[in-house]
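Asks: The following block contains the structure, expressed as structure tokens.
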Amino acid sequence: MKAQVKWVDQERFLGLTDSNNSVVMDADKNAKSAPSPMEMILMGLGGCSSVDVVSILQKARQNVIDCHVDIQAERADAVPAIFTKIHLNFVVKGSNVKESQVKRAVELSADKYCSVALMLGKGGVEITHGFEIVEA
């Protein structure tokens, strides 16, 4: 896997992937023209975990029609302002979705499959999870 990050202007950068995709990042807190690099990490964590949860639920034949994850993070007060705690709350929408299956999917993602979560956890970030099911 390879990537390149190129300075565009001010505190804005363009990330280019080996798979020919790109994303703009902006570290200027006032400009808000693009996600910051730290926001990209949260979105990467949410994306990785969500892929796992939805895939596991589909394999368990759960009738899921929508899923999103709300992510809250705390950062250290000193530089480097690393993440210290992250909480992910999955909201799964479907009909007759079993609580036990959602719990299992979230746990498998957190403990076994999500590379981003496992990497952050090994780096000392406290990651917690929750979920809710919305009947469709």
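Asks: Among the residues of the stretch 94-136, write down those that are part of a strand (DSSP E or B) and open to solvent by 80 Å² or more (accessible area, probe 1.4 Å).
Replies: Start the filter on the stretch 94-136 by keeping residues that are part of a strand (DSSP E or B), which leaves 94-95, 126-135.
If the condition is that a residue be part of a strand (DSSP E or B) and open to solvent by 80 Å² or more (accessible area, probe 1.4 Å), then Glu126, Glu132, Glu135 are the ones that fit.
Asks: Quick check: anything in the stretch 74-84 assigned to a strand (DSSP E or B), at negative phi and open to solvent by 80 Å² or more (accessible area, probe 1.4 Å)?
Replies: Yes: one or more hits.
Asks: Based on this model, can you work out whether Leu88 counts as open to solvent by less than 90 Å² (accessible area, probe 1.4 Å), in a helix (DSSP H, G or I) and in contact (Cβ under 8 Å) with a residue 40 or more places away in the chain? Outline the logic, then answer.
Replies: Details: open to solvent by less than 90 Å² (accessible area, probe 1.4 Å): yes; in a helix (DSSP H, G or I): no; in contact (Cβ under 8 Å) with a residue 40 or more places away in the chain: yes.
For Leu88, the condition - open to solvent by less than 90 Å² (accessible area, probe 1.4 Å), in a helix (DSSP H, G or I) and in contact (Cβ under 8 Å) with a residue 40 or more places away in the chain - is not met.
Asks: Oh, and also: Name every residue in the stretch 65-83 that is under 17 Å from Gly130 (Cβ atoms) and of a type in the set (A, V, I, L, M, F, W, C), in order of residue number.
Replies: Within the stretch 65-83, Cys67, Val69, Ile71, Ala73 meet the criteria.
Asks: Would you check which residues across the stretch 119-133 are touching an Asp or Glu at 6+ places or on another chain (Cβ under 8 Å) and over 12 Å from Val69 (Cβ atoms) and list them? So that I can check it myself, show each step before the final result.
Replies: First, the residues of the stretch 119-133 that are touching an Asp or Glu at 6+ places or on another chain (Cβ under 8 Å): 129, 133.
Hit for the stretch 119-133 is Ile133, nothing else.
The values are calculated or read from the model by the stated rules, or taken from the named source; none is laboratory data. Bear in mind the structure is a predicted one, so any value in this text is a computation, not a measurement. Reconstructed Cβ throughout: ideal geometry from the backbone, glycine too, with neighbour counts over all protein chains shown. The accessibility values were calculated without ligands, DNA or RNA, using every heavy atom of the protein model including side chains. Shrake-Rupley method; radii C 1.70, N 1.55, O 1.52, S 1.80 Å.
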